[in-house]
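Peer 1: The structure under discussion is supplied below as structure tokens; questions concerning it will follow.
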Amino acid sequence: MDKVISAQDAVVGMIDGSSIAVGGFGLCGIPSVLISAVMQSGVTDLHVVSNNCGVDDWGLGLLLSERRIRRVTGSYVGENKEFARQYLAGELEVELCPQGSLAERLRAGGSGIAAFYTPAGVGTQVANGGLPWRYNADGSVAVKSPTKEVREFGGLPFVLEEGIVTDYAIVAAATGDRHGNLVFHKSAQNFNPLCAMAGRVTIAEVHELVEPGDIDPAHVHLPGVFVQGVVYAPNPEKRIEKLTVSEPAR
């Protein structure tokens, strides 16, 4: 039951073309140690599922800058200029998804639910199809999103969204025990539990490693059944996406 491994051993099974769900929101709660391990492993042609793709010089932006990501499924790309450049140049395939739908697709995949109906996106290209997933180098659209099924329930339209299951998931938690039970710190909970559920193999980097039984079961945010590996990362580098300061009170 002891799932503690090194970051390097955690990613040894990843191969070119793997799909990876990555926790975090902006730079909050990202598994920076495991992202670095993926970088060092040399794997490429990755399909990343994440709310966003880091910034130009940190987080998933590091993998983007090395051209290691082939496709991204996410909901927000606004803080990464290289992401936008690769997408518009036809070097990167991007499936944009409403943020709540993305969260529920990950949760559904992790719960064994194949698909679900949601009102988000009805009447838009999300449901009707035609969103550019990949451009040609000349700016024309090479791959478009497909039309999705729409049904009425209670007289209102809902669009069918499929659950997401990935080969791997990498997440970050404040505290974890050797069995993989995890506790996330405040807003760092964001997408981490959902991504962890969606991975066939889930690795969690934890800032505090405790023994089984030390975490009150009522305080566990994600049970260890979803986690296959635990990496102890006590002092990961943390960066602030946008630092805002104010004048001191006088």
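Peer 1: In whole Å, how far is the Cα centre of segment 205-241 from that of segment 109-142?
Peer 2: Rounded to whole Å, the Cα centres lie 33 Å apart.
Peer 1: Same structure again: In square angstrom, what is the accessible area per residue of segment 153-204 with a 1.4 angstrom probe?
Peer 2: 36 Å²
Peer 1: Who wins for biggest fluctuation among GLY155, GLY23, GLY180 in a Gaussian network model of the chain, springs between alpha carbons below 10 Å?
Peer 2: Among GLY155, GLY23, GLY180, the largest mean-square fluctuation in the Gaussian network model of the chain belongs to GLY155.
Peer 1: Same structure again: What's the magnitude of the charge dipole for segment 146-224 around its Cα centre, counting Lys and Arg as +1 and Asp and Glu as -1 at the beta-carbon? Answer in Debye, nearest 20.
Peer 2: Values: 5 positive and 11 negative charges, 39 e Å.
Using only the charged Cβ atoms, the result is roughly 180 debye.
Peer 1: Follow-up question, since we're still on this one. Using helices alone, I'd like the mean residue ellipticity at 222 nm for the chain: each DSSP H run of four-plus residues gives -39500 (n - 2.57), total over residue count, nearest 500.
Peer 2: -5000 deg cm²/dmol
Peer 1: Follow-up question, since we're still on this one. Let me make sure I get this right: for the chain, a, b and c are the square roots of the gyration tensor eigenvalues over alpha carbons, sorted descending. Under 1.5 in a/c it's rounded, otherwise prolate if a/b > b/c, else oblate. Which is it?
Peer 2: Since a/c reaches 1.5 and a/b is larger than b/c, the shape of the chain is classed as prolate.
Peer 1: In whole angstrom, how far apart do the alpha carbon centroids of segment 24-80 and segment 157-184 sit?
Peer 2: Between the Cα centres of segment 24-80 and segment 157-184 lies a distance of 16 Å.
Peer 1: Got the relative contact order for the chain handy, in percent, Cα pairs under 8 Å and 6 or more residues apart?
Peer 2: With pairs under 8 Å counted, the relative contact order is 22 percent.
Peer 1: Explain nothing, just compute: Karplus ³J(HN,Hα) = 6.51 cos²θ - 1.76 cosθ + 1.60, θ = phi - 60°, for every residue of segment 215-220 in order, whole Hz, x for Gly and Pro.
Peer 2: With the stated coefficients, segment 215-220 comes to 8, 4, x, 6, 9, 6 Hz.
Peer 1: Mind telling me which of VAL12, VAL206, VAL22 comes out most flexible in a GNM of the chain, alpha-carbon contacts under 10 Å?
Peer 2: Checking each option, the largest mean-square fluctuation is seen for VAL12.
Peer 1: Would you work out what percent of the accessible area of the chain, with all protein chains in place, is carbon or sulfur (probe 1.4 Å)? Could you put the intermediate results ahead of the total?
Peer 2: Numbers: 6460 of 11990 Å².
The computed percentage sits at 54.
Peer 1: Report the local net charge at GLY224: Lys and Arg +1, Asp and Glu -1, summed over other residues whose C-beta lies under 10 Å from its C-beta.
Peer 2: That sum, taken over residues with Cβ under 10 Å, equals +1.
Peer 1: Is the shape of segment 154-250 rounded, prolate or oblate, going by the alpha carbon gyration tensor and its root eigenvalues a ≥ b ≥ c, with a/c under 1.5 for rounded and a/b larger than b/c for prolate?
Peer 2: On the way: a/c = 1.94, a/b = 1.09, b/c = 1.78.
Note, shape of segment 154-250 comes out oblate.
Peer 1: Would you mind working out the magnitude of the charge dipole of segment 37-192 relative to its Cα centre, with +1 at each Lys and Arg C-beta and -1 at each Asp and Glu C-beta, to the nearest 20 Debye?
Peer 2: With Lys and Arg at +1 and Asp and Glu at -1, about 120 debye.
Peer 1: Less than 13 Å apart at the alpha-carbon level, and either on another chain or at least 8 residues along: which aspartates and glutamates does that give for LYS148?
Peer 2: GLU161, GLU162
Peer 1: Taking only Cα atoms and a 10 Å spring cutoff, compute GNM fluctuations for the chain and point out the largest among ILE170, ILE240, ILE203.
Peer 2: Maximum fluctuation in the GNM of the chain, among the listed residues, is at ILE240.
Peer 1: Excluding same-chain residues fewer than 8 positions from LYS238, which lysines have a Cα within less than 26 Å of its Cα?
Peer 2: Within the straight-line limit of under 26 Å, LYS238 reaches these lysines: LYS3, LYS81, LYS186.
Peer 1: What shape does segment 27-91 take by its C-alpha gyration tensor, where a ≥ b ≥ c are the square roots of the eigenvalues and a/c under 1.5 counts as rounded, a/b above b/c as prolate, and the rest as oblate?
Peer 2: Because a/c hits 1.5 or more and a/b fails to exceed b/c, segment 27-91 counts as oblate.
Peer 1: Along the positive direction of the dipole of segment 1-110 (beta-carbon charges: Lys, Arg +1; Asp, Glu -1; about the Cα centre), which of ALA84, SER6, PHE25 reaches farthest?
Peer 2: PHE25
The values are calculated or read from the model by the stated rules, or taken from the named source; none is laboratory data. Remember, predicted model here, so these are calculated numbers, not experimental data. Every residue, glycine as well, gets a Cβ built from its backbone with ideal geometry; the counts of neighbours run over all protein chains shown. Each accessible area value is taken on the protein alone, full model and side chains, heavy atoms only, with ligands, DNA and RNA left out. Shrake-Rupley method; radii C 1.70, N 1.55, O 1.52, S 1.80 Å.
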